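Visitor: Would you mind keeping the following structure in view while I ask a few things?
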Amino acid sequence: MNTTTITPQELYEIRRSGKQVDLIDVRTPVEFREAHVEGARLVPLDGLDPPAVMTRRNGNAKEPLYVICRSGNRARQACERFVAAGFTDVVTVEGGAMAWEQAGLPLVRGKKAVSLERQVRIAAGSLVLLGAVLALAVHPWFVLLPAFVGSGLVFAGVTDACGMGLLLARMPWNQVKGQKGACCSR
């Protein structure tokens, strides 16, 4: 399923021209707190409810809804959910917040955090190492742990849906205190 895209520069120019833009950010609360585009609303992908978002739109409902994340992958997934729910005027910001920053465009900066992508690499690597050590030192059946993690990584690569990332996003260190009903937060 293909969705429409826009470059960060094109979106910035639309905003700079004075046109009101409805932009949602589908990253985790911690990622959003670290750095986000001014005026973006936080709507984490794991709790995305397309009809609810569309009823709480900022600005003109006849204008497109722009969706951004870190690199563009989660924004694309979110747009696909909107399209599947019957909302077709959604646009992915190409390259996400990383491309926005690389283009030298302004971001609202907050508290630094370890990115979800790095957390997945740390957790996966730790589990593979632990399984290998346990297989050598305790019992050969522990080799199933790295095999399970490896199959999960292959699945994530093929489907572009990472179960470990979704699990880690729900961990307490990836939550922002007082962040309830994130669908409409600023």
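Visitor: Could you check residue 153 against (1) outside the structural domain of residue 66 (by TED's automatic domain parsing); (2) among the aliphatic types (A, V, I, L, M); (3) within 23 Å of residue 4 (Cα to Cα); (4) in contact (Cβ under 8 Å) with a residue 12 or more places away in the chain and say which number it fails?
Guide: Here residue 153 meets the rest and fails (3).
Visitor: Which of the residues spanning segment 91-115 are within 26 Å of residue 52 (Cβ to Cβ) and more than 16 Å from the chain's Cα centre (by Cα)?
Guide: 108, 110
Visitor: State whether one or more residues within segment 120-127 are β-branched (Val, Ile, Thr), in contact with a His (Cβ under 7 Å, 6 or more places away or on another chain) and closer than 18 Å to residue 34 by Cβ.
Guide: No, the conditions are met nowhere in segment 120-127.
Visitor: Could you pull out every one of the helices (runs of 4 or more DSSP H) wholly within segment 90-186 that has 2 or more residues that are of a type in the set (Val, Ile, Thr) and surrounded by 14 or more Cβ atoms within 10 Å (Cβ to Cβ)?
Guide: It comes to 116-137.
Visitor: Would you point out which residue out of 27, 41, 57 is farther than 20 Å from residue 103 by Cα and either surrounded by 17 or more Cβ atoms within 10 Å (Cβ to Cβ) or hydroxyl-bearing (Ser, Thr, Tyr) (or both)?
Guide: 41
The values are calculated or read from the model by the stated rules, or taken from the named source; none is laboratory data. Treat the numbers as computed from the prediction; the structure is a model and nothing was measured. Virtual Cβ from ideal backbone geometry, glycine too; neighbours counted across all protein chains shown.
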